[in-house]
Amino acid sequence: MTSSNDSENTEERRVSNFVRNIIEEDIAAGKNEGQVITRFPPEPNGYLHIGHAKSICLNFGVAERYKGQCHLRFDDTNPTKEEDEYVEAIKEDLRWLGFDWGEHEYYASDYFDQLYDWAIKLVEEGKAYVCDLTFEEMKEYRGTLTEPGRNSPYRDRTVEENLDLLARMAAGEVDEGKMVLRAKIDMAAPNLNLRDPVMYRVLKMAHHRTGSKWNIYPMYDFCHGQSDSIEGITHSVCTLEFEDHRPLYDWYINALGIHHPQQIEFARLNIEYTMMSKRNLLELVNEKHVDSWDDPRMPTLSGMRRRGYPPQAIRNFCEAVGVAKANSTVDFAWLEHFVRNELNKTSPRFMAVVNPLKVVIENYPEDQVDELEAVNNPEDPEAGTRMVPFSKVLYIERDDFMEDPPKKFFRLAPGREVRLRYAYFITCTEVIKDAATGEITELRCTYDPETKGGNAPDGRKVKATMHWVSVAHAQQAEVRNYNQLFTKANPKRGKKGKHWTTNINPESREVLTECYIEPALAEVKGGERVQFERLGYYCADNQNHTRKAPVFNRTVTLKDVWAKMQKKG
RNA sequence: AGGGGCGUGGCCAAAUGGUAAGGCACCUGCUUUUGGUGCAGGGUAUUGUAGGUUCGAAUCCUACCGCCCCUGCCA
């Protein structure tokens, strides 16, 4: 894999974060024999988003940096939510990001037998019991944040009875919701997680990997720490909300006397104008606010892939964002910076007119066609050149002409001369309008044959260079311009009583069907990333794009000082 | 209110007692056949507040303020 200068520089600049500091101290102290084993533990119940990418980059990054390894483990303890489809999608996203877990692909369900044995051990030691309380009763017995809970009336069952009941639960003799296995810890603990937490619940449902073998399934809390332990994880990196669970994991691990991974919690990633919770993303999909999980407006990795974000840009972004314990929300502009930076170096340039205005070059011979040489990527000489056809009738961008331009506008206007990129200087001589609506329908211009290629022999300068396309040679295409999915930087914080979906941006997608692309651009394949000169970076849609009916998604616009000036007024 | 965390410029984030990095954003110039890229420069911080310890504090202590998480048989 080529590591770009950018990623190397970022690597150098980011001297430390607290997770790396801890690991380096551990290595220096000879802890775990200097080994570093991390893991990325997704639940296969949805698609990965950029928030996961932060965790992925951290876990795989740290493993690589310290010559360790990172496991991929699916936390599949709840058969009611998990599916193989998600397992495959997650693996695809991970590979796309560029990470390799080798043979270290695991499933929490691989440990179900071991977990059950451990549960029996805890029962035998009087550290766990079967409880018949209903949901409502359990809640009531749990107490509140400020009041201690009360012991369950089933708390003092004999070991024999507990063993028998647990076996019956496992054998399918107990209905769902009737009994659970709980750890006997402390109903008065100020940390609610320690108030006799549930270890096993009855779920008579087939599991995507273990089939119908089990009628009971371990809770995440009774599974996660032990899974890390079994795999010999040295540093178990997770998000802040699990800080409160650490004492419970410690309790299980100590009670079982097994390897103790060190859990380190960090703040999850938030980005302006988007949201990162699987629940909300699922709602966007289910309620058809977006087309699918991989809708280019989604912050999912599959959505970003479809939108045209390069994986390296996401990795560089995650590296730059850093790792800390303070909750934070990153500027959207920062993400876009990394996307542009990567794309600028790698995408071939083409001319495409997205909002056409017809231009007739009056003094250009009717049947003549010039083939003009254009540079494919000024940032990369190796990308070479291509030929672009020029003829009498062209399209230019509607925004590139103003009949009555303000001072700062230096594109085409009546009587003004500009350059058509790689072609000629042209001067606007006449504006033709629709008699009824007053809309400009066509421009008449003249060209200077001496300026072929874009330079005037007499040395005269021109203030603007514009992109264009020859009508006779252009292919029509669909262009989907995407904007922020939400109108608020924090979509969740809207007016009181208003659902967050009311903050969805009605202009998040603009579909343009009357677009024209130069011939070479029509050769591009689905998934390829290109630049439309002067407009932005685009990606041929990885599902709908065909040679006959091209479809391009806008990844991100180019920076545009003119647009910025207009916005400011 | 009980418990667990967190507060460094507009946004992230370094600095683990020695006198506030860096990036993004923003602003100025220069370069430019993308108003792109690149280059040069610039302004933003009494490090949440108030005290204290110290020759010296973002870093240690105390109090206060603010924000986040926790009462699923979800993860």
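Tally up the residues in region A:317-376 that are more than 9 Å from RNA strand B (Cβ to nearest atom), farther than 23 Å from residue A:522 by Cα and in contact with a strand residue (DSSP E or B) (Cβ under 7 Å, 6 or more places away or on another chain), please.
So the answer is 6.
Scan region A:380-398 and tell me whether some residue there is within 9 Å of RNA strand B (Cβ to nearest atom), at pLDDT 95 or above and among the β-branched types (Val, Ile, Thr).
There is no residue in region A:380-398 that is within 9 Å of RNA strand B (Cβ to nearest atom), at pLDDT 95 or above and among the β-branched types (Val, Ile, Thr).
Any idea how many residues of region A:176-188 are assigned to a loop (DSSP other than H, G, I, E, B), within 11 Å of RNA strand B (Cβ to nearest atom) and either among the aromatic types (Phe, Trp, Tyr) or within 41 Å of the chain's Cα centre (by Cα) (or both)?
Total meeting the criteria: 4.
Among the residues of region A:330-344, is any outside any helix (DSSP H, G or I) and among the aliphatic types (A, V, I, L, M)?
The answer is yes, given that some residue of region A:330-344 is outside any helix (DSSP H, G or I) and among the aliphatic types (A, V, I, L, M).
Would a scan of region A:263-277 turn up a residue that is at pLDDT below 95 and within 9 Å of RNA strand B (Cβ to nearest atom)?
Looking through region A:263-277, none of the residues is at pLDDT below 95 and within 9 Å of RNA strand B (Cβ to nearest atom).
Kindly indicate which of A:98, A:126, A:51 is in contact with a helix residue (DSSP H, G or I) (Cβ under 8 Å, 6 or more places away or on another chain) and closer than 21 Å to residue A:319 by Cβ.
Within the list A:98, A:126, A:51, the selection yields A:98.
Hey, among A:283, A:241, which residue is within 20 Å of residue A:45 (Cα to Cα) and not assigned by TED's automatic domain parsing to the domain that holds residue A:557?
A:241
From A:354, A:375, A:321, A:359, grab the single residue that is surrounded by 13 or more Cβ atoms within 10 Å (Cβ to Cβ) and within 30 Å of residue A:490 (Cβ to Cβ).
A:321
Out of region A:14-49, which residues are among the aromatic types (Phe, Trp, Tyr) and near RNA strand B (Cβ under 8 Å from one of its atoms)?
Residue satisfying the conditions is A:18 alone.
Select from region A:70-85 the residues that are more than 12 Å from RNA strand B (Cβ to nearest atom) and surrounded by 20 or more Cβ atoms within 10 Å (Cβ to Cβ) and write down the one among them that is nearest to residue A:30 (Cα to Cα).
The extreme case among them is A:70.
Check whether at least one residue in region A:142-155 is within 15 Å of RNA strand B (Cβ to nearest atom) and in a helix (DSSP H, G or I), and report yes or no.
For region A:142-155, residues within 15 Å of RNA strand B (Cβ to nearest atom) and in a helix (DSSP H, G or I): present.
Restricting attention to region A:324-346, which residues are surrounded by fewer than 19 Cβ atoms within 10 Å (Cβ to Cβ) and aromatic (Phe, Trp, Tyr)?
Scanning region A:324-346 gives A:332, A:334.
Among the residues of region A:519-565, write down those that are more than 16 Å from RNA strand B (Cβ to nearest atom), closer than 19 Å to residue A:388 by Cα and surrounded by 22 or more Cβ atoms within 10 Å (Cβ to Cβ).
Within region A:519-565, just A:550 meets the criteria.
Test residue A:435 against the stated conditions and say whether it is more than 10 Å from RNA strand B (Cβ to nearest atom), aliphatic (A, V, I, L, M) and within 36 Å of the chain's Cα centre (by Cα).
no
Of all residues in region A:367-379 being assigned to a loop (DSSP other than H, G, I, E, B) and at pLDDT 95 or above, which is farthest from residue A:536 (Cα to Cα)?
A:368
Checking the structure you have, find out if any residue of region A:117-130 is hydroxyl-bearing (Ser, Thr, Tyr), part of a helix (DSSP H, G or I) and in contact (Cβ under 8 Å) with a residue 40 or more places away in the chain.
no
Mind checking whether some residue in region A:347-356 is closer than 25 Å to residue A:515 by Cα, out of contact with any Pro (no Cβ under 6 Å at 6 or more places or on another chain), in a strand (DSSP E or B) and β-branched (Val, Ile, Thr)?
There is at least one residue in region A:347-356 that is closer than 25 Å to residue A:515 by Cα, out of contact with any Pro (no Cβ under 6 Å at 6 or more places or on another chain), in a strand (DSSP E or B) and β-branched (Val, Ile, Thr).
What are the residues in region A:449-493 that are in contact (Cβ under 8 Å) with a residue 40 or more places away in the chain and among the aliphatic types (A, V, I, L, M), if any?
A:462, A:464, A:466, A:469, A:471, A:472, A:474, A:477, A:479, A:485, A:489
Of all residues in region A:110-166, which are over 41 Å from the mean Cα position of the chain (by Cα) and polar (S, T, N, Q)?
Answer for region A:110-166, where residues must be over 41 Å from the mean Cα position of the chain (by Cα) and polar (S, T, N, Q): A:151, A:152, A:158, A:162.
Any idea how many residues of region A:17-42 are of a type in the set (Phe, Trp, Tyr) and surrounded by fewer than 19 Cβ atoms within 10 Å (Cβ to Cβ)?
1
Can we say residue A:173 is more than 9 Å from RNA strand B (Cβ to nearest atom), assigned to a helix (DSSP H, G or I), without any contact (Cβ under 8 Å) to a residue 60 or more places away in the chain and more than 41 Å from the chain's Cα centre (by Cα)?
When the stated conditions are applied, residue A:173 does not pass them.
Inspect all residues belonging to region A:431-438 and state whether any of them is part of a strand (DSSP E or B) and surrounded by 14 or more Cβ atoms within 10 Å (Cβ to Cβ).
Yes, region A:431-438 has at least one match.
Give A:426, A:432 a once-over and let me know the one that is closer than 26 Å to residue A:517 by Cβ and in contact (Cβ under 8 Å) with a residue 60 or more places away in the chain.
A:426
Select from region A:189-243 the residues that are part of a strand (DSSP E or B), under 28 Å from the mean Cα position of the chain (by Cα) and of a type in the set (A, V, I, L, M) and list them in ascending order.
Once the filter is applied, which keeps residues that are part of a strand (DSSP E or B), under 28 Å from the mean Cα position of the chain (by Cα) and of a type in the set (A, V, I, L, M), region A:189-243 yields only A:237.
So residue A:504 passes all but one of these: (1) more than 20 Å from the chain's Cα centre (by Cα); (2) touching a residue at least 12 places away in the same chain (Cβ under 8 Å). Which condition number does it fail?
Result: residue A:504 fails condition (1) only.
The values are calculated or read from the model by the stated rules, or taken from the named source; none is laboratory data. The structure displayed is predicted, hence computed values, not measured ones. When we count neighbours, we look across all protein chains shown, and the Cβ atoms used for this are built from the backbone with ideal geometry, even at glycine.
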